[in-house]
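Note sheet for the following structure.
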Amino acid sequence: MKAITVEPKKPGTAKYMDIPEPNQGEGSILVEAVAVGVCGTDVEIVEGKYGWAPHGQQYLVLGHESLGRVVDPGPTGGFKKGDLVVGIVRRPDPVPCPNCAVGEWDMCSNGLYTERGIKEIHGYMSERWRIEPEYAIKVDPSMGILGVLLEPATVLAKALEQIVFIGRRSYWEPKTILVTGAGPIGLLGALFAKMSGLEVHVLDRAETGAKPDLVRELGATYHSGSVLDIGFHPDTIIECTGVGQVIAESIQQIGANGILCLAGIGHGGANRSASVADMAAAAVLRNIVIFGSVNANKRHWYKAGQWLARADRAWLSKLITRIEKPENFMSALNRKPDDIKVVIQFSDI
Ligand SMILES: [Zn+2]
């Protein structure tokens, strides 16, 4: 079968090539790939900056934002031929650490977890893949190709859950939320925050195009420019850009007792923003919580599925701005200015 593979840490090694059929050991359910979303992590892996092949193998099958159709449900109940499924990305570490032992692999404390398409286990960018029943999530068939948005949605389901947990440390009635960065994660965050009844604001560099339109269609307010100029002090911020200056300004602008969730991953950057000590002082004096959030456990996958199923399908479909064939995977990985979510489609839905 064909698969999109890469030799991790070696730039220029990504290819669409023939590999053996998926190994029975990868799970009792055999799935035909429908579509796989592309994200920044895939780009980093292809650029040789990240990723690990399975032990003893040269290549890694790429892809962690899956959608597939069950071909053979295997002996375990719960799935039938034709079901649309999405595969969970992370697997608990083998030790396991206490978090993995209780199913909270998103909070793995020893770093020995594995991740499909990223860390030591093959991903979903192959014509067929296998999965264990306990790591397959059924998608409402009426969602169609929008099921490919489930994985990015889980990141927000976790982030919003963590914000609620942290909010319980005191009397707290959040009314406003700012989302920085209007990529797929930011826009899904804005959607779920709106569905939760919050007054939603989104900030991004783009001044025109699909991003501001999508934000306004949600009934949310769009800002471009500095966080310091938004004109209010948000109760909550979900930071999806990973840009140092945006993070520093978010700490300055957030309201007293505010919760700042860092969900974006950045690198370096110019150190022109305020010092760490000044940021810490701002956090101390106003009881601000700054926390990082990554990945998701099964509870978040379930919640994200519920949220997506209730969301406006017409709006969701506008998040998928480009669909490419597997052989054109390099084009899918090359970001264009108007891209929100690019999807590689393996078979008809
Ligand atoms: Zn662990």
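Just a few scattered comments:
- Residue satisfying condition, being surrounded by fewer than 15 Cβ atoms within 10 Å (Cβ to Cβ), under 23 Å from I344 (Cα atoms) and away from the ligand (no atom under 16 Å from the Cβ), within set D83, D72: D72
- Residues within the stretch 210-252 that are surrounded by fewer than 14 Cβ atoms within 10 Å (Cβ to Cβ) and basic (K, R), tallied: 1
- Filter pass, L178 being at pLDDT 95 or above, assigned to a helix (DSSP H, G or I) and not basic (K, R): no
- Residue count for the stretch 253-275 satisfying the condition of being surrounded by 14 or more Cβ atoms within 10 Å (Cβ to Cβ) and at pLDDT below 75: 2.
- Test result for I166, crowded, with 20+ Cβ neighbours inside 10 Å and within 29 Å of I88 (Cβ to Cβ): no
- Any hit, the stretch 97-107, residues being in contact (Cβ under 8 Å) with a residue 12 or more places away in the chain, farther than 21 Å from V155 by Cα and crowded, with 18+ Cβ neighbours inside 10 Å: yes
- Residues in the stretch 327-349 that are part of a helix (DSSP H, G or I) and surrounded by 18 or more Cβ atoms within 10 Å (Cβ to Cβ): F329, A332, L333.
Matching residues to (1) of a type in the set (V, I, T); (2) modelled with pLDDT under 95:
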residue	(1), (2)
H300	no, no
K303	no, no
A311	no, no
L316	no, no
E327	no, no
A332	no, no
P337	no, yes
V343	yes, no
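- Residues of the stretch 88-137 satisfying the condition of being near the ligand (Cβ under 7 Å from one of its atoms) and either in a helix (DSSP H, G or I) or not hydrophobic (A, V, I, L, M, F, W, C) (or both): P92, D93, P96, N99, C100, W105, S109, N110, Y113
- Just so you know, in the stretch 14-35 the residues that are in a loop (DSSP other than H, G, I, E, B) and touching a residue at least 40 places away in the same chain (Cβ under 8 Å) include one that is nearest to T76 (Cα to Cα), and it is S28.
- From the options I166, I118, I177, I137, residue that is within 29 Å of F329 (Cα to Cα), touching a strand residue (DSSP E or B) at 6+ places or on another chain (Cβ under 6 Å) and of a type in the set (A, V, I, L, M): I137
- Being in contact (Cβ under 8 Å) with a residue 12 or more places away in the chain and part of a loop (DSSP other than H, G, I, E, B) is a property that G63 has.
- Scoring A193 on the criteria (1) under 14 Å from the mean Cα position of the chain (by Cα); (2) buried (at least 24 other Cβ atoms within 10 Å of the Cβ) leaves a single failure, condition (1).
- Any chance A159 is within 16 Å of the chain's Cα centre (by Cα) and assigned to a helix (DSSP H, G or I): yes
The values are calculated or read from the model by the stated rules, or taken from the named source; none is laboratory data. Worth saying up front: this structure is predicted, and the values here are computed from it rather than measured. Here the Cβ is made from the backbone with ideal geometry for all residues, glycine too, and neighbour counts use every protein chain on show.
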